[in-house]
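What follows is a single structure, written as structure tokens, with notes after it.
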Amino acid sequence: MNVLVVGDGGRAHAVVKALKQNKQVHEIFALPGNGGIAADAECFPIEATDIDGIVEFAKTHEVDFAVVIPANALVMGCVDRLEELGIPCFGPRANAAIIEGSKVFSKTLMKKYGIPTASGEAFSNPDDAIAYLKNATYPIVVKADGLALGKGVVVAVTYEEAEKAVRDMMCEKVFGESGSKIIIEEHFIGVEVSVLTFTDGKTVVPMVSCMDHKRAFDGDEGLNTGGMGAVAPNPYFNKETERECMERIFLPTVRAMRAEGRSFKGCLYFGLMLTKYGPKVIEYNCRLGDPEAQVVLPLLKSDLLEIMTAVSNGTLSETPVNFSDEAACCVVLASNGYPQEYQTGFEITLPETAEDEEIYIAGAKRKIGRLYTSGGRVLGAVKTAKTLAEAVEGPNHIQHKINYNNANMARNMRL
Ligand code: AMP
Ligand code: GLY
């Protein structure tokens, strides 16, 4: 069986490595993949947003199954186009990927179906948004409607900050058309939990819960990034909360999408906050998280390809999905300067890893068999262990064995 994987970061590497464990997998084609993925799959330089290029590739290669990972490719209809060729896919069609592609859509959906979330209003005109801010309670949260590489959310402590966020998004267009509409919503205080789920549009199966760590430097300092690490399970998420989320959030969301004629198949990612009023949805993502996938997938005991196939053909309820009761921690090594300016091109030497260690490559190029840094987030060092405390210690140990100049990492995971 030949599998096409669309994506490039560390989570794509984690998916490729998990798929490879299935003995029926013959070839994995990664578009575009990266220098690390190239050790596990055949990479071709076709970007995830080049949907025509992906379709042409699929026509000329024998692809039996496709896994589309990045949100932008999903929102652009990559799955729709591959399914038109008769290729079964893991990933939602564009009409369901909108759950991440438009925060106005998802807020409207949650309101209509009574799914617990922050109360908020949508605006398509900056004057109306600013008038609303004048009578608001602070802090308040301003969110660009569309995809903004994880940067489209501003928690504004004062009116001035909120007004600036509105002007930046709607007038200065710092996120392009993604900010032509915005949501202004109530600010919650609480612990954040990420729950990635498999769903075929009817059945929803939560993966082990997790939590990412966004600040760039040690000690929870520095700018917010795409994610400098993650742990699983999330120590604040217990069985009772999971049951409550299943009843009040996960199943209602999947049913709501089906009722809207937007059946969601793939990984539906629930960004939750555990507030004093109960669990609330902070965001939906239409795909695996990065680096959340790097801690969740190593704990998956069942076969990923079998699950993904069941998601695609609607038989998830009959398919085993089991996770180990161990814990995992991923620490990202980034280029110094990330998430702002940084230099690349430094050679990386990787150590042998033990059975309970993994290194997933996120931003590296391969030249004549050698690896060189090529991105902001370079790699993720992952350790699985019996307890979270042991897992959290692990990546430091792996990192000492990894060598490249210009590395930065945030060692102290916020737990
Ligand atoms: P999002 O992209 O929607 O996940 O937002 C990014 C981050 O902003 C979240 O991980 C939270 O830390 C924060 N955030 C988003 N919405 C809220 C909210 N209503 N209250 C408090 N923090 C929020
Ligand atoms: N780590 C955050 C995300 O993947 O959305």
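The values are calculated or read from the model by the stated rules, or taken from the named source; none is laboratory data. All figures in this text were calculated on a predicted structure; none of them were measured in a lab. Ideal geometry is used to build each Cβ from the backbone, glycine not excepted, and the neighbour counts take in all protein chains shown.
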Open item on the list: Can you report the number of residues in the range 169-180 which are in contact (Cβ under 8 Å) with a residue 12 or more places away in the chain, exposed (fewer than 14 other Cβ atoms within 10 Å of the Cβ) and in a loop (DSSP other than H, G, I, E, B)?
Closed with: 1
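Would you point out which residue out of 166, 204, 157 is under 28 Å from residue 248 (Cα atoms) and among the hydrophobic types (A, V, I, L, M, F, W, C)? Explain how you work it out, then say what you get.
Numbers: 166 fails: under 28 Å from residue 248 (Cα atoms); 157 fails: under 28 Å from residue 248 (Cα atoms).
After applying the criteria, what remains is 204.
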TODO: Answer yes or no as to whether residue 354 is crowded, with 17+ Cβ neighbours inside 10 Å and either in a loop (DSSP other than H, G, I, E, B) or of a type outside the set (Val, Ile, Thr) (or both).
DONE: no
Open item on the list: Can you confirm whether residue 262 is away from ligand 2 (no atom under 16 Å from the Cβ) and touching a Gly at 6+ places or on another chain (Cβ under 7 Å)?
Closed with: no
Task: Cβ pairs under 9 Å, 6+ apart, first in the range 125-151 and of a type in the set (Asp, Glu), second near ligand 1 (Cβ under 10 Å from one of its atoms) - done: 145/103; 145/152; 145/183
Open item on the list: Just to be sure before I move on: is residue 248 assigned to a helix (DSSP H, G or I), under 18 Å from residue 282 (Cβ atoms) and either away from ligand 2 (no atom under 15 Å from the Cβ) or touching a residue at least 60 places away in the same chain (Cβ under 8 Å) (or both) in the structure I sent?
Closed with: yes
Open item on the list: Contact list please: Cβ distance under 6 Å, first residue in the range 191-213 and more than 13 Å from residue 320 (Cα to Cα), second residue in a strand (DSSP E or B) and within 11 Å of ligand 1 (Cβ to nearest atom), pairs at least six apart or on different chains.
Closed with: 192/273; 193/272; 194/271; 195/270; 196/269; 209/193; 210/194; 212/227
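Does residue 194 satisfy being under 30 Å from residue 307 (Cβ atoms), surrounded by 15 or more Cβ atoms within 10 Å (Cβ to Cβ) and touching a Cys at 6+ places or on another chain (Cβ under 7 Å)? First the steps, then the outcome.
Numbers: under 30 Å from residue 307 (Cβ atoms): yes; surrounded by 15 or more Cβ atoms within 10 Å (Cβ to Cβ): yes; touching a Cys at 6+ places or on another chain (Cβ under 7 Å): yes.
In short, yes.
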TODO: Tell me, yes or no, whether the range 113-125 has at least one residue that is surrounded by 15 or more Cβ atoms within 10 Å (Cβ to Cβ), within 19 Å of residue 202 (Cα to Cα) and either within 21 Å of the chain's Cα centre (by Cα) or hydrophobic (A, V, I, L, M, F, W, C) (or both).
DONE: yes
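Every residue, every condition in (1) in a strand (DSSP E or B); (2) farther than 21 Å from residue 323 by Cα; (3) of a type in the set (Phe, Trp, Tyr), yes or no:
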{"residue": "366", "(1), (2), (3)": "yes, yes, no"}
{"residue": "371", "(1), (2), (3)": "yes, yes, no"}
{"residue": "379", "(1), (2), (3)": "yes, yes, no"}
{"residue": "383", "(1), (2), (3)": "yes, no, no"}
{"residue": "389", "(1), (2), (3)": "no, no, no"}
{"residue": "392", "(1), (2), (3)": "no, no, no"}
{"residue": "396", "(1), (2), (3)": "no, yes, no"}
{"residue": "408", "(1), (2), (3)": "yes, yes, no"}
- [ ] Identify the single condition in (1) crowded, with 17+ Cβ neighbours inside 10 Å; (2) of a type outside the set (D, E, K, R); (3) modelled with pLDDT of 95 or more; (4) in contact with a Ser or Thr (Cβ under 8 Å, 6 or more places away or on another chain) that residue 152 does not satisfy, given that it satisfies every other one.
- [x] (3)
Open item on the list: Against the conditions (1) part of a loop (DSSP other than H, G, I, E, B); (2) within 16 Å of ligand 1 (Cβ to nearest atom), where does residue 183 fall short? Just the number, please.
Closed with: (1)
Open item on the list: Conditions first: (1) at pLDDT 95 or above; (2) surrounded by 14 or more Cβ atoms within 10 Å (Cβ to Cβ). Residue 398 passes all but one, so which condition is the exception?
Closed with: (1)
Task: Residue list for the range 291-309, filter: in contact with a strand residue (DSSP E or B) (Cβ under 8 Å, 6 or more places away or on another chain) and in a helix (DSSP H, G or I) - done: 292, 293, 294, 295, 296, 298, 299, 305, 307, 308, 309
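Matching residues to (1) in contact (Cβ under 8 Å) with a residue 60 or more places away in the chain; (2) within 14 Å of the chain's Cα centre (by Cα); (3) closer than 29 Å to residue 379 by Cα; (4) within 16 Å of ligand 1 (Cβ to nearest atom):
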{"site": "291", "(1), (2), (3), (4)": "yes, yes, yes, yes"}
{"site": "296", "(1), (2), (3), (4)": "yes, yes, yes, no"}
{"site": "310", "(1), (2), (3), (4)": "yes, no, no, no"}
{"site": "331", "(1), (2), (3), (4)": "yes, no, yes, no"}
Open item on the list: Would you confirm whether or not the range 254-261 contains a residue that is among the acidic types (Asp, Glu) and within 16 Å of ligand 1 (Cβ to nearest atom)?
Closed with: no
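Just name the residue that is surrounded by the most Cβ atoms within 10 Å (Cβ to Cβ) out of those in the range 268-283 that are within 10 Å of ligand 2 (Cβ to nearest atom) and under 15 Å from residue 97 (Cβ atoms).
Narrowing the range 268-283 to residues within 10 Å of ligand 2 (Cβ to nearest atom): 269, 271, 283.
Filter once more, so that each one left must be under 15 Å from residue 97 (Cβ atoms): 269, 283.
Working: 269: 23, 283: 19.
Residue satisfying both the conditions and the ranking: 269.
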Task: Failed item in (1) within 14 Å of ligand 2 (Cβ to nearest atom); (2) of a type outside the set (Lys, Arg); (3) closer than 22 Å to residue 71 by Cβ, with residue 231 passing the rest - done: (3)
